[in-house]
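Data block below; observations after.
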Amino acid sequence: MSFLCGLPLVECVYCLACARWAWKRCLHTAGHDSENWGFATVEEFEPIPRLCRYILAVYEDDLRQPLWEPPGGYGISLDSLLLKKTYEDTYGRAPPYILYLDHEHEDIVLAIRGLNLAKESDYAVLLDNRLGKKKFDGGYVHNGLLKAAGWVLDAECEILRNLVEKYPNYTLTFVGHSLGSGVAAMLAMVVVQNSHRLGNIDRKRVRSYAIAPARCMSLNLAVRYADVINSVVLQDDFLPRTATPLEDIFKSLFCLPCLLCMRCMRDTCIPEEKMLKDPRRLYAPGRLYHIVERKPFKMGRFPPVVRTAVPVDGRFEHIVLSCNATSDHAIIWIEKEAQRALDLMLEKEEPMEAPAKQKMERQETMTRHNVEYKAALQRAKTLDVPHAYTPPSEYGTFDEEGDANSTRSQGESSNKSYVEETWDALIERHLDKDEHGHTELKKQSSSPFT
């Protein structure tokens, strides 16, 4: 009897929670996510529309006779198009991609297309994950995307190494959209951690652009690799805001009310501070660029504004109830609005005649990025984000010896690469202790990796 009397109370609590969640979602707009961020400069945003066009080129069957070419063209010289891989070439292990040598911008670009709703292999990559399944460099990543990135690197390692060595002044850029954005972000991380595979390429030469990014890495990695990975989000795009694991969404399509119910209760009962301390929770990677082109309670599109930051808390944590949530995910719209935003930036910018002034502005942008990057690392440490890493101070440290040792050990463990961990494990496996307790290497004729 007492159980039956308690049911109305439970229903009331649930209805109130749902009402609170719906009210917060209705009041929340995309502009709130980035309202305190700084504005992007022309120099840092210039590559994005061009890279979006490279991604669009992957969708073409024949670039000599393009069917969906944008008004200005793809901007690709067919003589410099080194590779174009299809699903047949990748055996479904990774999305299709192209490798393009951009001499005009001194860039080696590997562009990866997004999710193909008609291909089961893309779903296989997407669903190959569960919360906390794969650890990488002191954090957690999406297992399927990491495996796809590893396959691409193994397949193209030799040609990429030759290009990097042949053109030492060129940057190496990985760019992708949607599903491909996760693969591109993983590729950048893997290359940075295994730079010896590409001729010991410097970290500063590697960069990645995740267009409409998937949430593919834990918060400590998303912040730590913000100097390498850049994510671009158009207004209300749903994917970077979907905190529910992608594999759970697709598995729950036939029970969507159950999924919404659980999401409502979780957002209502679990504070964001607690979510930040979950080391397995995945986020959009790197530095974020948010293109804002609509205002709340107003119709039509406004001149787009681009804001950028390396946020720790408030990192696209809330779904926006908008009829444009899916259209803003389309690469065609992202390319159009990114180009509009860049054109407006160029119009507002005063013409610079002296190259010295251009160099000075470039240096200012780099300095600002470096300051924001270090501030984000420190913020992650302040919020007690699991495995957060703080770089050593330029002026030394005055902490107590215990704190210094703790910080040092955390930094060393978080910086330790997957390859180094594997090597250490193999070395320990081949060590024997002699009668005096000392260790000596077993006698073998080959390397542990052979």
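The values are calculated or read from the model by the stated rules, or taken from the named source; none is laboratory data. Just so it is clear, the structure is predicted and the values come from calculations on it, not from any experiment. Here Cβ is always computed from backbone atoms with ideal geometry, including for glycine, and neighbour counts include all displayed protein chains. Ligands, DNA and RNA are stripped out before the accessible areas are found, and what is left, the full protein with its side chains, is counted by its heavy atoms. Shrake-Rupley method; radii C 1.70, N 1.55, O 1.52, S 1.80 Å.
Laid out as a table, the results:
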| item | result |
| --- | --- |
| Dipole magnitude (debye, nearest 20) for the range 84-137, charges at Cβ of Lys, Arg, Asp, Glu | 500 |
| Separation in nanometres of the label points that stand 7 Å from Cα toward Cβ, at Cys157 and Arg64 | 3.4 |
| By accessible area with a 1.4 Å probe, ligands and nucleic acids excluded, highest first: order of Trp333, Trp68 | Trp68, Trp333 |
| Separation in nanometres of the label points that stand 7 Å from Cα toward Cβ, at Asp313 and Ser80 | 4.5 |
| Theoretical FRET efficiency, 1/(1+(r/R0)^6), r = Cβ-Cβ of Glu88 and Asn200, R0 35 Å, to 0.05 | 0.55 |
| Distance in nm between pseudo-label sites at Glu106 and Glu120 (7 Å out along the Cβ direction from Cα) | 4.8 |
| The range 59-110 - convex hull of the alpha-carbon atoms, volume per residue in Å³ | 87 |
| Full-stretch length increase - Asp278, Lys135 - with 0.36 nm per residue and alpha-carbon distance subtracted | 50.1 nm |
| Computed magnitude of the charge dipole of the range 117-241 (debye, nearest 20; Cβ of K, R +1, Cβ of D, E -1) | 340 |
| Chain lengthening between Asn169 and Cys12 when straightened (0.36 nm per residue, less Cα-Cα) | 50.1 nm |
